[in-house]
Structure formats: structure tokens, C-alpha cells
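Asker: Take a look at the following structure, please.
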Amino acid sequence: MSVDPNAPTQGAGFPAGPRREHPARYLVPAVVAAAVAVGLGAYGKAHDPEGTAFNLAGFSSTSAVKSWLATTAFGFALIQVGSALMVYGKLPGPSWSAALHRWSGRIAFLVAVPVAVHCLYALGYQTYSTRVLWHSFLGCFFFGSFSAKMLLLRSARLPGWLLPLVGGLVFAVLTLVWVTSALWFFRTVGVTT
């Protein structure tokens, strides 16, 4: 029996089946997440804090601005959770639930960026108390896990549990960042502008 060297090799004795994705494709978002988190932490630790990054008219301090922006981002993150439950059919919702989910996420991120800039530039990565250490660590971890979530959104054929898991992690970390900063500020200083 002779073998034709030009014959196609597809199905060369192996049954055809669904194409499996290699698990290493999840490694890229994880590596990017780690690089973002470590990069932000390294910058915050190496950078000499400037004390202030910005202030907005009508606010008594940059801490008040940061706390209100963080609270706004957290509010939009709550909308994210509710709209995600609608998108996944766990709650009834309007046909525009997916658009609400996308836009609330975009707004939450855009509002969180000036808070992160202020934290990194004005305050740096601080470790002088347990609360501040956790806030610094979780703030860096939030932007790393958010980066991983954004990369996973572009991946085809994700397991159905992965995106809700990563999204839930991002929300949980943002909640802890908010608790260790804005909520602490409001409880310590008072709800001021």
C-alpha cells in the first residue's frame, strides 16, 4: 500500500470532534492582570507622594473628592451587578439590560481612574496601617483583575462560569477598596463635600 504525500492529513485516523481551546489561553489575561497590579504597586511604592493630584471646586479636600468619586464608581458597580443578573436571566429585566451593563461598567471605570491616579500620584503605595496596606494592595489588585476581565470578554468560547466569576471578583475587590477608603472617610470625617 502506498501513501500519497499530498493527501490531506485532517482526520488522519483521529475522529473529528469539537475543537478544544488550550487552557494556556487563560494564562495571558492572568499574566496581564499580575503585570498591571504589580506595575501599579511598584510605581506607587517607588514614587515620592506629591500630597495632592487634583481638587474640584466645591469640595473641602482632595480626600472628599476621592471619596465621592469612589462612591460614584461603586454605585455604578452596583448597577453592573444588577444588570449582569438581568443579562444572565437571574432577574427579569428590559431588553436594554446588556447596554446598561456595558455603559455602567464604562462609567464606573472612567470615574475610578481619577481616584487611582490620585492614590498613586498623591499618596503612593502606603503600608503605615493595616487599613491603608489593604487599600493599597486591593486598589492595585482591582485594576489587575479588571484588566483580566476586559481581556476575557474578547475570548471566544469561554466556560459559562468564568466571566461571572471574574466579574464577581472585580466587584468584590472594588467593594473592599471602597470600604477601606470612602466608607472609612465618611465614617471618620463625616459625609462632607
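The values are calculated or read from the model by the stated rules, or taken from the named source; none is laboratory data. As the structure is a computational prediction, the values presented were derived from the model and not from experiment. Note that we place each Cβ from the backbone using ideal geometry, even for glycine, and neighbour counts take in every protein chain shown. We work out accessible area using only protein heavy atoms, side chains counted, and drop any ligands, DNA or RNA first. Shrake-Rupley method; radii C 1.70, N 1.55, O 1.52, S 1.80 Å.
Asker: Could you pull out the residue among R131, R102 that is modelled with pLDDT of 90 or more, of a type in the set (K, R), under 25 Å from H47 (Cβ atoms) and surrounded by fewer than 20 Cβ atoms within 10 Å (Cβ to Cβ)?
Answerer: Sole residue among the options that is modelled with pLDDT of 90 or more, of a type in the set (K, R), under 25 Å from H47 (Cβ atoms) and surrounded by fewer than 20 Cβ atoms within 10 Å (Cβ to Cβ): R131.
Asker: Starting from the stretch 137-161, keep only residues that are over 13 Å from A112 (Cα atoms), then list their pairs with residues that are surrounded by fewer than 18 Cβ atoms within 10 Å (Cβ to Cβ) and among the charged types (D, E, K, R) whose Cβ atoms are within a distance under 6 Å, requiring at least 6 positions of separation or different chains.
Answerer: R157/E21
Asker: Taking the stretch 141-193 on its own, how many of its residues are more than 18 Å from Q80 (Cα to Cα) and of a type in the set (S, T, Y)?
Answerer: 6
Per-residue answers, yes or no, for (1) within 20 Å of Q126 (Cα to Cα); (2) open to solvent by less than 70 Å² (accessible area, probe 1.4 Å); (3) modelled with pLDDT of 90 or more:
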site: V38; (1), (2), (3): yes, no, yes
site: G41; (1), (2), (3): yes, yes, no
site: G44; (1), (2), (3): yes, yes, no
site: V65; (1), (2), (3): yes, yes, no
site: A77; (1), (2), (3): no, yes, yes
site: S83; (1), (2), (3): no, yes, yes
site: M86; (1), (2), (3): no, yes, yes
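Asker: For S147, state whether it is within 11 Å of the chain's Cα centre (by Cα) and modelled with pLDDT of 90 or more.
Answerer: So S147 fits the description; yes.
Asker: Moving on to the next point. Against the definition (of a type in the set (D, E, K, R) and closer than 16 Å to A182 by Cβ), how does K90 come out, yes or no?
Answerer: no
Asker: Further question on the same structure: Quick check on the stretch 180-190: of everything there that is touching a helix residue (DSSP H, G or I) at 6+ places or on another chain (Cβ under 9 Å) and not hydroxyl-bearing (S, T, Y), which residue is least open to solvent (accessible area, probe 1.4 Å)?
Answerer: The extreme case among them is A182.
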